[in-house]
Amino acid sequence: MNCRETQELIHGFVDSELGLVWNLEMERHIHECSSCSGAHERLRVMHTVLSDNSLYFQLPAGLQDRLRTRLRKVSSVEGSVRTISPTWRGIGMAAALVLCIAGTWQVAITTQRSSTTETIGQEVVTSHVRSLMATHLTDVPSSDQHTVKPWFNGKLDFSPVVADFADHGFVLDGGRLDYLGKRAVAALVYRRRQHVINLFIWPTSQPDASIWTFDRQGYHVFNWNKYHVTYWAVSDLNPEELRQFAEMLRNLE
Ligand SMILES: [Zn+2]
């Protein structure tokens, strides 16, 4: 492992996101290389500092009571001015409370979903980088979809869609098994000029979802769900062409 490879994986290493083999490789290099060891130490310190509880602001004692008293005064003044019947006021307050709880619940669900997706997105980028470093990008090097698709038989608990887009300038390079989101997944490799696209595919219980995209470490990531299968395309190819690739796949029946 060299310094460039170490620098690309160092954030995943500090966040304990790499697998056992890569952890050992990283530990070995950091042990032997003073420059990477320094970089690792700085990141590790920053990580520790950011997780320090003292950074989280504590409300001054009594603030909650003072706010409550102030609100009670304001509402009693309003109450004397307005002539809303007590029943309607009660219903209004109950409705507001229900809305508030529903809102909090929705925020909690959305936040949880997006943080899971973000974690997988990071894994997808790490896997892409790792595949480019490895000596073999594909386990089954073939541009023939009828060779690549059956190769996955018996290796996965599903059969991935293997499409041929050579006519559109996206050449199938082969496939391999990968491990993402705590499960074995299909990784298909396509090439567009000198750019490699990794397309990760696995089944999901999530409903259909349109394409959403984000950038991480200079790579573009496109994700969507269709027919209870999730797709993650990642590459350093420009986002316009990667989107074209994603949309062609998504429009397959
Ligand atoms: Zn180094």
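Per the Kirkwood definition applied to all pairs of different Cα atoms, how many angstroms is the hydrodynamic radius of the stretch 189-253?
On the way: mean 1/r = 0.0836 Å⁻¹.
Result for the stretch 189-253, one decimal place: 12.0 Å.
Under 25 Å between alpha carbons, and skipping anything fewer than 8 positions from Lys149 in its own chain: which lysines qualify?
Cα-Cα hits under 25 Å: Lys182, Lys226.
Under the Karplus relation 6.51 cos²θ - 1.76 cosθ + 1.60, θ = phi - 60°, what is the ordered set of whole-Hz ³J(HN,Hα) values for the stretch 135-149, x standing for Gly and Pro?
6, 10, 7, 10, 8, 10, x, 7, 9, 9, 4, 7, 9, 5, 4
Taking amide H positions as placed 1.01 Å from N in the peptide plane, with prolines and chain starts having none, which residues 5 or more places from Val229, or on another chain, fall under 5 Å of its amide H?
Those qualifying (amide H under 5 Å, at least 5 residues apart or on another chain) are Thr204.
When you take every Cα atom in the stretch 109-253, what is the radius of gyration, and what is Dmax, the widest Cα pair distance, in Å?
Spelled out, the Cα radius of gyration and Dmax of the stretch 109-253 are 14.1, 42 Å.
For the full complex of protein chains and a 1.4 angstrom probe, list Asp15, Asp173, Asp167 by accessible area with the highest value first. Write out the running numbers ahead of the final one.
Values: Asp15 70, Asp173 45, Asp167 155 Å².
From most exposed to least exposed: Asp167, Asp15, Asp173.
The values are calculated or read from the model by the stated rules, or taken from the named source; none is laboratory data. Values in this document were obtained by computation on a predicted structure and should not be read as measured data. Surface areas here come from the heavy atoms of the whole protein model, side chains and all, with no ligands, DNA or RNA. Shrake-Rupley method; radii C 1.70, N 1.55, O 1.52, S 1.80 Å.
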